[in-house]
Amino acid sequence: MRRATDLTLLITLAALFIFHSPFTRWWTGLGLPWYTVFILWLLVIVLIAFNAFAGGRHSGD
């Protein structure tokens, strides 16, 4: 359970860094396609789902 909690914290911090930091101005200013933000959110969601399944929380315990 400790591993899943640590990964959850890392995913949360990474999402905050990507979406709410000075780094955001840089990647939004690159002229990337309009759907880039949705792909980044999808990546965060997939990482959270993988973490949940790898942590054993999907078994209904």
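A short reminder: the numbers here are calculations on the coordinates, not readings from a lab. The structure displayed is predicted, hence computed values, not measured ones.
Listing for the model above:
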{"item": "Rh by Kirkwood over Cα pairs, then Stokes-Einstein D for the range 2-55 at 0.692 mPa s and 37 °C, µm²/s", "result": "272"}
{"item": "For the range 28-45, 3J(HN,Hα) per residue [Karplus equation, 6.51 cos²θ - 1.76 cosθ + 1.60, θ = phi - 60°, Hz, x = Gly/Pro]", "result": "6, x, 7, x, 6, x, 4, 8, 4, 4, 6, 5, 5, 5, 4, 4, 4, 5"}
{"item": "For the range 18-26, 3J(HN,Hα) per residue [Karplus equation, 6.51 cos²θ - 1.76 cosθ + 1.60, θ = phi - 60°, Hz, x = Gly/Pro]", "result": "6, 9, 8, 8, x, 4, 4, 4, 5"}
